[in-house]
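The values are calculated or read from the model by the stated rules, or taken from the named source; none is laboratory data. Worth saying up front: this structure is predicted, and the values here are computed from it rather than measured. Neighbour counts run over all protein chains shown; Cβ positions are idealised from the backbone, glycine included. Just the protein is used for accessible areas: all its heavy atoms, side chains included, with ligands, DNA and RNA removed. Shrake-Rupley method; radii C 1.70, N 1.55, O 1.52, S 1.80 Å.
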Amino acid sequence: MPIAAHHPAEIPDIVRSTTGRLLPVGGGSKPALTRVHEECEQLDMRRLSGILEYEPEEYTFTALANTPLQEIETELAAHGQYLPFDPVLTGAGATLGGTVAANSAGAGRFRYGGVRDFILGIRFVDGRGRLVRSGGKVVKNAAGFDLAKFMVGSLGRFGILTEVSFKVFPRPRAFLSFAQRYDSLADALAQATRLACSPLELQALDLVPDSDEVLLVARLGGPAASLGARMDRILRFLGEQGNARADFVWEGEEEAAYWRQVNEFAWVPDGMPLFKVPLNPACLPALDERISHTHRRYMAAGNLAWIAGDDVATLEHALNDLGLTGLQLLGRSEQLIIGTGLAYPVLRRVKQVLDPDGKFPEV
Amino acid sequence: MSTTAFLSALSRIYPPDRLLTRPAQLIAYESDALTSFRARPQAVVIPVTQDEVVETVRLCNEHEVPFVARGSGTSLSGGSLPVENGIVIALNRLNRILHLDPEQRFAVVEAGVINLQISQAAAPYGLYYAPDPSSQPICTIGGNVAFNSGGAHCLKYGMTSNHILSMKVVLADGEVVRFGSRSLEGVGVGPDLVGLFVGSEGLFGIALEMTVRLLPRPESFRTVMAAYRDLESAGNAVASVVGAGLLPAAIEIMDTLAMRAAEAAVGAGYPQEARAMLIVELDGEAEQVDREFEELVDLIQASGAEQVIVAQTDEERARIWQGRKGAFSAVGRLSPDYVVQDGVVPRGRLGQALAEIDRLGREYGLDVANVFHAGDGNLHPLILFDGSVEGALERAEELAGKILKMCVDLGGSLTGEHGIGVEKRDYMSYMFSPVDLEVMAELRQVMDPKGLANPGKMLPTAGH
C-alpha cells in the first residue's frame, strides 16, 4: 500500500520517518521509472497538484510538482502560450515533476531546447527531510548553485520535487508539417543536417526509419499566412525541382493529432521496452545499422533517439560499443539505464549531501 | 609546508615568465572589473596546458593554498578577486579551440578562449555562439561558465548554461571529471551536472574544457528604436509587445543619462531629448520576421512613442548595439566612479522598480543611470559617485544594496548575469533560507573539502 502525500509540508516527516527507501511516483505514465527492484516504498504524489502562479505576461508559471501536464497545457493554451519542448506522455497522465525527473522532452526540443532550458526554480525535500529551494521564478537568474537544473533527469534519486517554476513561450499561431521520403538513413540524415545548420527555422525535425525508406518529417510554426511559402522554400532547399510537392503534408487538427501520437509513443507496441538515447548525429548511421529490428524515431535532427524493441541485449551492446547511454521509459525490461552509464564519481559527491542515508534509490 | 616550499614546487611546473611573484607583476591581478575590491595574491601562474592547471590545483590541495581562476578579469561582481595568501591561476593562455564541428553544431574549447572568438571561428559556417555579454570581445568562456553570463538575447536564447553541452573539470581536490556529452540532448540521461556546475562561481574547481552548442546565424534581423517621454511609457510598450505574442530576440531600455553617455561615446544616433529609449530586435527567417516586424512597429507606434527609428542597414543596426553595449563604460564619461548593479524583477514590476530606484537615488543624492534588459526584467542601475569624496563609495554601495533587496522583495533575484561574487554574497541570506544556504555550503564542501577554490565568493560569511 503506497503512502500518499497530501501537502508539501508533510513530506519532510515522511522522509525522516521512513526506514527503507522511498520513490516518489506521480502519474505513472513512465512505468519503467517507477518500478524499482530493491526494498522501496512508493510515495504517491498525485495530491500535490495545482497551478500556484501563472502570469502570462511574465512568460512564467509555478505549479505543485504533480500537476498533470494536460492541465498546464490547457491553461497555457488559453493564453496563447506553451512549453516548447513538447513534454511527452501528456495524454497518459504525465506530471510536471515526472517530466523533470525523467527529463522527457519530445520533438519540439529541436527549436528551443529541452526541459533544462525552461526550468527556472524548484522546491524539493532532500533525503534528510529538508525543504530546499533553488533557482527562482523569474526568467533570468544567476544566484546560487542551480539545483533546479541538476534535478532534471535525477529520477527521484536525490530528492522529492514539491514545486516547479518554468519559463514558457508564446505559441506559434499556426503549424504546418510535411514529410519527404528518402531511400536511406544516410540520405535523410544528410538533408536533416543541412537543414539544421541553415537559418531555416523548424519546430521539429525528425527522421523515421521504416522497412525500406526513411521519412524526414519537418514541423513549421508561425503566422499562418507565411507557412506555405516557407514549406516551398524548404523543399527547394532540399533540392526538389520546380513546383514539387511534399510527399505528405499535415495541417490543422490533423497536424496536431500527428504530433500527439508521436509524443504519446502511440507508435510503440504495448508493453515493449522504450529507451531514450541522447546521441550525436554522427554516430546515428552506425547505431541504426545495428538496431534495424526495432521501432524507432530520431528527433532533433538526430540528437535524440527513441528506440523500442524486445531485444534489449542487442541495443545494449550497440550503445556500449558507441559510447552511448539509454534510459528506459516504458516497458518491463530489467535495466533502467543501459550503455556507458553516468558520471558516477561526481554524482556520489552530490548524493552525500542530498541523500547521505540512502532514503532514495541508488543512482 | 612553508610558502617557500610551495613556490619552489610551482617553479618546477612553470618557467619564470609564467610564474609571477614580484609586486609589480602582481598589481595587474589585484582586482577585476569590480575595482573597489582589491587583494594581492602571493603568486600568479599562467598555465598553457590543461595538465599544468591540474598539477597546480593538486599542488594547492596538497599545500592547502587557496586559488582563484581568472580569465580576462571582467567580472562585475568581484568573481575573480584574489585571496591574500593564495594564488591566481590565469587561464588566458589556455585558449585553444580544440575542435569545431559545423555539421553537428558544436565546438570544444578551452577555458581561456574568448567568447567572441567562438562566434568568429563558427562564422564561416553560418553558425555562432549565442550568449553575448557586453564584454564578449574580451571575456573568456571559462568566466562565462563560472558565472552563467547572459547578455541581451537571453529571453529567447537563454544564458550560458543553456549552451554548454559537456565539461571537463578539475575539482578542487585534484580529481578530474567529465560530464555531459556532445549531443545537443547531451545531459539527457541522469542528473544535469552541467547545469549544476555552470554558475557555481568557481567554488567546485576549475573548468578546463567545454563543449558549446552553436546555432545557425539567423537569416534576418530587424531592429527598431523608439523614444518615449518617460520610462513608464517605454515599459508599457514592452508589455504590449510581449502581450501580443511576439518573441523578440532582445528588448532593451536606456534612460536619459545612459543614452547621453552612449551617444557621446559612439554617436549611436540616439534621440537626445527623450527620457527613455526602447530597442526591440526580431530575428529569424526573413519571411516571418518581415511579417512580425510590421506588427511590432504598429504596436510601438500605438504605444505613445515620440519618435520611431527603424534601422535600415546592417551598419545602422550595429551602431544601435554598439551604443547599448558600450553604455557601461560610456557612463565613465559622466562620473569618475560608478557601481553597476544586476538585479532582476518580474517584467510586470519594471515600472515599480524604476520608480523606486529613482526615489532611492534622490534620497541618497546620487545619480543613477539605467540600462536594462527589459525583456527579462534584468536591471542594470549604474550608481554614479565620486570616489575622492569621503564616504561616497560606502553610500553608493548602501544604495546598491537597497536596490538589490527591492528586487528580491518584488519576487526577483539578486543577479541576472553578473553572479554573486564577493559583492552580493552578504545579500544571499535575503534571497535564500538558512536551509537553502546550508545545502549550498555542503555542496561546496563535498566538491572542495578544504575550501580552496575561489574562497569568499557567493556563500555568505558567518554573521550574515
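List the residues of segment A:143-171 for which accessible area in the full set of protein chains is at least 10 Å² lower than for the chain on its own; 1.4 Å probe, protein heavy atoms only.
A:Ala143, A:Gly144, A:Phe145, A:Asp146, A:Leu147, A:Lys149, A:Phe150, A:Val152, A:Gly153, A:Lys167, A:Phe169, A:Pro170
Mind putting a number on the dipole of chain B about its Cα centre? Charges go on the C-beta only, +1 for Lys and Arg and -1 for Asp and Glu, and I need it in Debye to the nearest 20.
Result for chain B is approximately 900 debye, rounded to the nearest 20.
Could you give the distance between the Cα centres of segment B:297-343 and segment B:141-205, to the whole Å?
Cα centres, segment B:297-343 to segment B:141-205: 30 Å.
Considering only protein heavy atoms, what per residue accessible area in square angstrom results for segment A:274-339 with a 1.4 angstrom probe?
On a per-residue basis, 33 Å².
Return the calculated 222 nm mean residue ellipticity for the protein assembly as shown, to the nearest 500 deg cm²/dmol, obtained by summing -39500 (n - 2.57) across DSSP H runs with n ≥ 4 and dividing by the residue count.
My calculation for the protein assembly as shown gives -9000 deg cm²/dmol from helical runs alone.
Given a Förster distance of 51 angstrom, what is the FRET efficiency for B:Ala24 paired with B:Glu306, based on the Cβ-Cβ distance and rounded to 0.05?
Efficiency at R0 = 51 Å is approximately 0.40.
What is the helix-to-structure angle for A:312-322, meaning the angle in degrees between its Cα long axis and the longest Cα principal axis of chain A, kept from 0 to 90 and rounded to the nearest 10?
80 degrees
Sequence neighbours fewer than 8 away in the same chain don't count; with that in mind, list the aspartates and glutamates whose C-alpha is under 12 Å from B:Lys405.
Partners found: B:Asp342, B:Glu356, B:Asp426.
Can you sort B:Asp298, B:Asp173 by 1.4 Å-probe accessible area, starting with the largest?
Putting B:Asp298, B:Asp173 in descending order of accessible area: B:Asp298, B:Asp173.
Across chain B, where is the longest run that never hits GluC sites (Glu not before Pro) in a DSSP loop with at most 12 other C-beta atoms within 10 Å?
The reported range is B:85-272.
Roughly what % antiparallel, to the nearest 5, for the DSSP beta bridges in segment B:3-90?
Close to 20 percent.
Taking every residue in B:282-291, how many Cβ atoms of other protein chains lie within 10 Å of its Cβ, on average?
For this peptide, the per-residue mean of nearby foreign Cβ atoms is 5.
Total Lys pairs in segment A:3-170 closer than 17 Å by alpha-carbon, pairs eight or more apart in sequence or interchain only?
Lysine pairs meeting both conditions in segment A:3-170 amount to 5.
Averaged per residue, what accessible surface does chain B expose to a 1.4 Å probe, in Å²?
On a per-residue basis, chain B sits at 35 Å².
Enumerate the calculated ³J(HN,Hα) couplings along segment B:240-252 in order (Karplus 6.51 cos²θ - 1.76 cosθ + 1.60, θ = phi - 60°), each rounded to whole Hz, writing x wherever the residue is Gly or Pro.
6, 5, 5, x, 7, x, 7, 10, x, 6, 8, 9, 10
If I take R0 = 25 Å and measure r between the Cβ atoms of A:Phe237 and A:Gln261 in this structure, what FRET efficiency does the formula 1/(1 + (r/R0)^6) give, to the nearest 0.05?
0.35
Mind checking A:175-183 for the average number of partner chain beta-carbons within 10 Å of each residue's beta-carbon?
0
At q = 0.10, 0.21 Å⁻¹, what log₁₀ I(q)/I(0) does segment B:295-452 have when each alpha carbon counts as one equal point scatterer in the Debye sum?
Log-scaled intensity ratios, in q order: -0.49, -1.35.
Once amide H atoms are built 1.01 Å from N in the peptide plane, which residues 5 or more positions from B:Tyr128, or in another chain, come under 5 Å H to H?
B:Leu215, B:Arg217
Find the sum over both chains of the accessible area lost when A and B are paired, probe 1.4 Å, and report it in Å² to the nearest 100.
Its buried surface, counting both partners, is about 6800 Å².
With +1 on each Lys and Arg Cβ and -1 on each Asp and Glu Cβ, how big is the dipole of segment B:3-90 about its Cα centre, in debye rounded to the nearest 20?
200 debye
Taking chain A as the reference, fit the longest principal axis to its C-alpha atoms, fit the long axis of helix A:252-263 to the helix C-alpha atoms, and give the angle between the two in degrees, 0 to 90, nearest 10.
50 degrees
Going by average Cβ density within 10 Å per residue, which order do the peptides B:31-44, B:443-456, A:260-273 take, highest to lowest?
Packing order, densest peptide first, comes out as B:443-456, B:31-44, A:260-273.
Which aspartates and glutamates have a Cα lying under 13 Å from the Cα of B:Lys168, excluding residues fewer than 8 positions away in the same chain?
Partners found: B:Asp51, B:Glu110, B:Glu209.
In terms of modelled amide H atoms, which long-range or inter-chain residues lie less than 5 Å from the amide H of A:Glu163?
A:Ala65, A:Arg123
Just how large is the dipole of segment B:217-341 about the Cα centre, in debye to the nearest 20, putting +1 at every Lys and Arg Cβ and -1 at every Asp and Glu Cβ?
Here the size comes out at about 540 debye.
Please give the helix B:314-325 orientation as an angle from the longest Cα principal axis of chain B, in degrees from 0 to 90, rounded to the nearest 10.
On a 0 to 90 degree scale, this one is about 60.
Computing the accessible area with a 1.4 Å probe over protein heavy atoms, can you report the carbon and sulfur percentage for chain B?
Percent of accessible area from carbon and sulfur atoms in chain B: 48.
Evaluate peptide B:432-441: per residue, the Cβ atoms of other protein chains within 10 Å of its Cβ; return the mean as an integer.
Mean inter-chain Cβ contacts per residue within 10 Å come to 5.
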